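The values are calculated or read from the model by the stated rules, or taken from the named source; none is laboratory data. Quick caveat, the model's predicted, so the values are computed rather than measured. All Cβ positions, even for glycine, are placed from backbone atoms using ideal geometry, and neighbour counts span all protein chains on display. Only protein heavy atoms, including side chains, enter the accessible area calculation; ligands, DNA and RNA are left aside. Shrake-Rupley method; radii C 1.70, N 1.55, O 1.52, S 1.80 Å.
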Amino acid sequence: GFGPETIRIKQSAGVPFYNGNYGFFVQNSGAGNITASEAVVRVYNQVSLVKQYTVPTSGTGQFWNVFVLNGSGVITDVNTILAGAPAAP
């Protein structure tokens with residue numbers, strides 16, 4: 001949609017982070033490349049904005065591979081456009 005859309009990873013009391021890696025991807029549900037969408041992703045912690053990503057303007061595809069969040073809370077930038085559906089991180 002036209003957003004904003006929100007995804008929240010809520011941690012249980014006493015558990016600092018969840019195990020594993022979490023890939024964050026955006027799919028353009030409209031026609032054409034996602035590069036023309038002007039999409040923005042903002043990552044917040046409990047207090048403030050941590051990172052902001054703007055969709056790349058080059059590449060061909062409907063999928064934007066934005067970042068990977070690991071079980072320690074570290075964000076690894078990917079920021080690439082994919083032609084096909086992404087695989088799990």
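Applying the selection to region 41-70, what residues are of a type in the set (A, V, I, L, M) and either touching a residue at least 12 places away in the same chain (Cβ under 8 Å) or on the phi > 0 side of the Ramachandran plot (or both)?
Answer for region 41-70, where residues must be of a type in the set (A, V, I, L, M) and either touching a residue at least 12 places away in the same chain (Cβ under 8 Å) or on the phi > 0 side of the Ramachandran plot (or both): Val41, Val43, Val50, Val55, Val66, Val68, Leu69.
Report, by residue number, each residue of region 38-53 that is open to solvent by 80 Å² or more (accessible area, probe 1.4 Å) and closer than 14 Å to Phe67 by Cα.
Correct list: Arg42, Tyr44, Gln52.
Six or more apart or on different chains, Cβ under 8 Å: which pairs go from a residue in region 16-32 that's on the phi < 0 side of the Ramachandran plot to one that's surrounded by 13 or more Cβ atoms within 10 Å (Cβ to Cβ) and at pLDDT below 75? Could you list them?
Short answer, once both residue conditions are applied: Asn21/Pro89; Tyr22/Pro89; Gly23/Pro89.
Which one of the conditions (1) touching a residue at least 40 places away in the same chain (Cβ under 8 Å); (2) exposed (fewer than 12 other Cβ atoms within 10 Å of the Cβ) does Gly73 fail to meet, given that it meets all the rest?
For Gly73, the failing item is (2).
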